[in-house]
1. Taking the condition more than 30 Å from residue 197 (Cβ to Cβ), assigned to a loop (DSSP other than H, G, I, E, B) and basic (Lys, Arg), does residue 74 pass?
2. Among the numbered criteria (1) surrounded by fewer than 22 Cβ atoms within 10 Å (Cβ to Cβ); (2) outside any loop (DSSP other than H, G, I, E, B); (3) not assigned by TED's automatic domain parsing to the domain that holds residue 185, which single criterion is violated by residue 101?
3. Go through (1) under 19 Å from residue 8 (Cα atoms); (2) outside the structural domain of residue 156 (by TED's automatic domain parsing) for residue 109 and report which single condition fails.
4. Select from the stretch 284-306 the residues that are in contact (Cβ under 8 Å) with a residue 12 or more places away in the chain, in a loop (DSSP other than H, G, I, E, B) and more than 28 Å from the chain's Cα centre (by Cα) and list them in ascending order.
5. How many residues are within 24 Å of the chain's Cα centre (by Cα) and aliphatic (A, V, I, L, M) if we restrict to the stretch 13-35?
6. Can you pull out the residues in the stretch 95-123 that are over 26 Å from residue 23 (Cα atoms) and touching a strand residue (DSSP E or B) at 6+ places or on another chain (Cβ under 8 Å)?
7. Pick from 24, 30, 5: which is surrounded by fewer than 19 Cβ atoms within 10 Å (Cβ to Cβ), in contact (Cβ under 8 Å) with a residue 60 or more places away in the chain and either out of contact with any Lys or Arg (no Cβ under 6 Å at 6 or more places or on another chain) or farther than 16 Å from residue 68 by Cβ (or both)?
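The values are calculated or read from the model by the stated rules, or taken from the named source; none is laboratory data. Note that the structure is a prediction, hence the values are computed from the model and not measured. Here the Cβ positions follow ideal geometry from the backbone for every residue, glycine too, while neighbour counts run over all protein chains shown.
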Amino acid sequence: MNLERLGATSELRASLAPDLSLARVTVSNRDRYRLIADSGDLDAEPSGALWYEAATRAAMPVVGDWVGARIVNREQAIVEAVLPRRTLFARRAAGRREDQQPIAANVDLVFLVCGLDGDFNLRRLERYLTLAAESGADAVVVLNKSDLCADVAARLVETAEVAGAAPVVAVNTRSLEGLAPLLRFLADGRTVALLGSSGVGKSSLVNCLLGEERLRIAEVRESDSRGRHTTTHRELIPLPAGGALIDTPGMRELQLWAGEDAVDRAFDQIATLASECRYRDCMHSSEKGCAVQNALADGSLAEDRWESYRKLRGEAQRHEALADPLLALERKRKWKQLHKAARDIYKSPKHR
């Protein structure tokens with residue numbers, strides 16, 4: 001296997017110890033991995049040293065990781081090191097603990113797949129866009145099942161209003177022509193991850209791009225267009241023309257693992273508006289000269305878009321606070337000062 005076609009570089013090879021081989025994780029299942037190396041496919045497990053030195057569970061190999069592997073024989077290897085990740089798409093793990101759950105590493109481009117049927121949801125798309133911004137990878141919004149939509153043009157317009165700088169394309173898997181808008185994003189050495197809810201057609205897209213029925217698919221329920229989890233694990237699949245696709249199981253619960261900066265990048269229109277407010281510490285409620293409130297009043301900013309931004313930014317603040325308690329204390333002190341200043345203003349003779 002020519003790993004350069006999957007994005008391997010001379011720098012990656014040079015970073016390894018002389019007795020280790022470069023490999024990429026194609027399947028990760030707890031502490032068992034499937035690797036692709038120069039010699040071919042290998043079954044692997046982590047070394048004891050790797051377990052011991054990993055700061056968190058999230059530091060262990062995930063699909064897309066480049067690793068240093070010690071080859072045991074033609075079919076087996078031991079993973080000794082995880083090489084630095086260029087990008088990482090992750091979410092907050094389910095439960096009360098603040099744990100990161102990596103989805104895919106070293107991704108160049110994320111296809112955020114939405115179905116143009118009963119499961120179309122712009123608010124969910126905003127979450128995906130925020131996590132994509134945090135990951136460091138570029139994003140493309142893929143509106144699949146365009147053959148089932150009565151007004152594709154309208155869906156493209158409303159999605160573009162949410163997608164910001166991310167391109168938006170409409171496709172279907174009925175024919176190769178239906179996938180033509182995606183082909184320009186695929187290239188030798190580029191890794192593309194497909195993310196979206198169950199039933200949006202990620203596995204069908206992968207099969208069509210591969211030109212074979214590689215992945216199992218199932219029909220969605222007619223009542224609500226919800227899909228069943230036919231993809232049960234994440235897998236990196238090399239493309240015949242070079243590059244790779246990463247197929248992922250559907251994710252309905254998508255808790256943020258992202259900071260406020262990522263939310264602002266995903267909602268760049270609102271972040272730009274906020275920077276134009278008269279006061280730097282504007283709370284965007286009733287202050288004079290608030291650009292956000294003015295945009296809401298004249299209709300140039302949709303109320304549901306603003307509410308979604310506030311909700312996601314609140315989640316990002318809680319995430320940052322849990323990750324850095326000192327930051328949380330500083331933010332609490334700042335807001336106390338702002339509220340006290342506001343009370344003092346309205347108690348002054350001018351406002352009586």
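1. Values: more than 30 Å from residue 197 (Cβ to Cβ): yes; assigned to a loop (DSSP other than H, G, I, E, B): yes; basic (Lys, Arg): yes.
Taking the combined requirement at face value, the residue satisfies it.
2. (3)
3. Exception for residue 109: condition (2).
4. Result: 289, 290.
5. The qualifying residues number 4.
6. First, the residues of the stretch 95-123 that are over 26 Å from residue 23 (Cα atoms): 95-99, 112-123.
Scanning the stretch 95-123 gives 98, 99, 112, 113, 114, 115, 116, 120, 121.
7. Working: 24 fails: surrounded by fewer than 19 Cβ atoms within 10 Å (Cβ to Cβ); 30 fails: in contact (Cβ under 8 Å) with a residue 60 or more places away in the chain.
The match here is 5.
Conditions (1) basic (Lys, Arg); (2) in contact (Cβ under 8 Å) with a residue 12 or more places away in the chain; (3) touching a Leu at 6+ places or on another chain (Cβ under 6 Å); (4) surrounded by fewer than 18 Cβ atoms within 10 Å (Cβ to Cβ), marked per residue:
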position: 145; (1), (2), (3), (4): yes, yes, yes, no
position: 152; (1), (2), (3), (4): no, yes, no, yes
position: 165; (1), (2), (3), (4): no, yes, no, yes
position: 169; (1), (2), (3), (4): no, yes, no, no
position: 181; (1), (2), (3), (4): no, yes, no, yes
position: 193; (1), (2), (3), (4): no, yes, no, no
position: 200; (1), (2), (3), (4): no, yes, no, no
position: 203; (1), (2), (3), (4): no, yes, yes, no
